[in-house]
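J.: Got a structure here, written out as structure tokens. Questions coming.
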Amino acid sequence: MREVLKITNLSKSYGRIKAVRELSLTVFHGQVLGLLGPNGSGKTTTLSMILDVVKADAGQYEWFGGVPVTMARKRIGTLLEKPNFYPYLSAVKNLEITCRIKEKGENRINDVLKQVGLFQRRNSKVKGFSTGMKQRLAIAASLVSDPDVLILDEPTNGLDPNGIADIRSLIRDIATNGKTIILASHLLDEVEKVCTDVAVMKNGKLLELRTLRGSELDRVRVIELSAGSEMDLLKILEDQDGLRIIQSLNSMLVVETKKSPQEINRILAEQGIYLTHLRERRKTLEEQFLELTNQ
Amino acid sequence: MRKLLQIEYLKVSGYAAFKILMLGYFLAATTLFLSLHNFSFGPFQIFGQETLKFPYVWQNVAFIGKFLNLGLGIVMILLIGNEFSFGTAKQNLIDGLSRTQLVISKYLLLIVIALGATVFMFFVGLLMGWANSVTITSALIFKNIGFMLSYFLHAFGLMSMAAFIAYLFRKTAIATMFFLAYAVFMEAILRLSIDADFTRYFPSKTLSNLISTPYADLVSGMDLQLQNEAWNEYMILAVFYALIFFVLSVQVVRKRSL
């Protein structure tokens, strides 16, 4: 797979606070990478550094196998932190400026404004826009140059539920067209719904990098079970090898195991315990995330 | 270059405040020039009929223009301060301009504004000279036309200074106050305690020296022995200072996070 972005040991401090610590990460063509982490974990700082908006203290990054960052930025559509526009100009005029800077034609302006649902307001001044409308326009601006790579930092911030759904399906559509997307978010279901891979950050460190679509996750099963007596259930399950209890809630146990549900059911039945509930599911990103960030 | 200017044109052409400020500048200048003959200093009419004749009119127009240029400097600070307060400096960078290009585009705009103001001053001078001169020959008209170059360099130099101050402080209000304070009295106070041979090369003084005070000659001799040549060493110095301010602006923008 082609490398789009290679980050090596990137670090940044603000005074005594280490915002990003020796972060290394490689993004490949076609990946939809979710950058996940609690507030203040260094997501935006990392994105700002790889775009040279914020100067890195140490470390390197390389776009498209060594294209200078000024050239690379023209090939990247970016929404960083908050939408920045000339408030006295209309939506269309603002996008014209974006196109001129990116050295791309203005033929897509109307299309992207339709995609984000702002076509009716295209000639209104941005200063009259609501937060959600500005956010939509910012997404339009990141798409207008038809970039190879999209960097979206909290793209659904300030959007209403319809807007969130619209933008998510928009991101999925773009991803199926083979674009590479880096999506920073603290919203777990957002990342889970649109990403192929996820990088989890905390306190400026990369805790984990894993794929969401693949066999790796499926190998570890998460099984919910409950029985008449939770105590008995616990006692038996605790003795089992290759089985880990990750949650005990409202008399329901959630376990992580490589055993199949049938196998577990058989083991318990042999011990005289009959289940009232047994369900296998994928481990939610929330569980994984909390597990990682609470360590 | 062309691309950067087009982008700047897009930014200012839809900006009502910019258009109002520029219109205000031209209206204020026009009103001022129309009422010049009313100004007096004691018994002396400062801008009498003599001063508005060719070729003297050019220096007087340039001299008045020198003060109006403070307004152009403030316009520049506003335009640059906006880029920071709107977050659009950062956005332009993210979208693909380099830090140097961010600065170049503003300096290109500044040169265009200075050229526009110079053309305006040229027509003002031409009209006033035409209205007040008894004998009009092309030799007389163009004799001191060099003062229009002095005026252009003053506008260019002063707006460059304003631009650098705007890049340094980023906040429009603080930059405007510092710019006015520096240009009007801070440098003058600094100069008090330093040798004049040295201080006449200070930036604000250098720019001011481009166009010497016309009525000083009037008051002393009353024979209208004006600064004969617009050309002087300060012309080169003004360009030098504009370059210094440009390079410093680039450095300030390149060193700091946006």
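The values are calculated or read from the model by the stated rules, or taken from the named source; none is laboratory data. This is a predicted model, so every value here is computed, not measured. Methodologically, a virtual Cβ is constructed for each residue, glycine included, from the backbone with ideal geometry; neighbour enumeration extends over all protein chains shown.
J.: For region A:56-75, which positions are facing chain B (nearest Cβ under 8 Å) and in contact (Cβ under 8 Å) with a residue 24 or more places away in the chain?
T.: Within region A:56-75, just A:LYS74 meets the criteria.
J.: Of all the strands (runs of 3 or more DSSP E) wholly in region A:5-79, which have at least 2 residues that are within 18 Å of the chain's Cα centre (by Cα) and assigned by TED's automatic domain parsing to the domain that holds A:GLY105?
T.: Those strands (runs of 3 or more DSSP E) span A:17-28, A:32-36, A:76-79.
J.: Also: What number of residues in region A:89-132 are farther than 16 Å from B:ILE94 by Cα, out of contact with any Gly (no Cβ under 9 Å at 6 or more places or on another chain) and either in contact (Cβ under 8 Å) with a residue 60 or more places away in the chain or of a type in the set (A, V, I, L, M) (or both)?
T.: Summing the residues that are farther than 16 Å from B:ILE94 by Cα, out of contact with any Gly (no Cβ under 9 Å at 6 or more places or on another chain) and either in contact (Cβ under 8 Å) with a residue 60 or more places away in the chain or of a type in the set (A, V, I, L, M) (or both) in region A:89-132 gives 7.
J.: Please count how many residues of region B:48-101 are acidic (Asp, Glu) and under 30 Å from B:LEU36 (Cβ atoms).
T.: Qualifying residue count, region B:48-101: 1.
J.: Another question about this same structure. What's the number of the condition A:GLY37 fails, among (1) facing another protein chain (nearest Cβ under 8 Å); (2) in contact (Cβ under 8 Å) with a residue 60 or more places away in the chain; (3) under 23 Å from A:SER11 (Cβ atoms)?
T.: (1)
J.: Tell me the strands (runs of 3 or more DSSP E) entirely within region A:164-267 that contain at least 3 residues that are without any contact (Cβ under 8 Å) to a residue 24 or more places away in the chain.
T.: Because the criterion is at least 3 residues that are without any contact (Cβ under 8 Å) to a residue 24 or more places away in the chain, the strands (runs of 3 or more DSSP E) in region A:164-267 that meet it are A:243-249.
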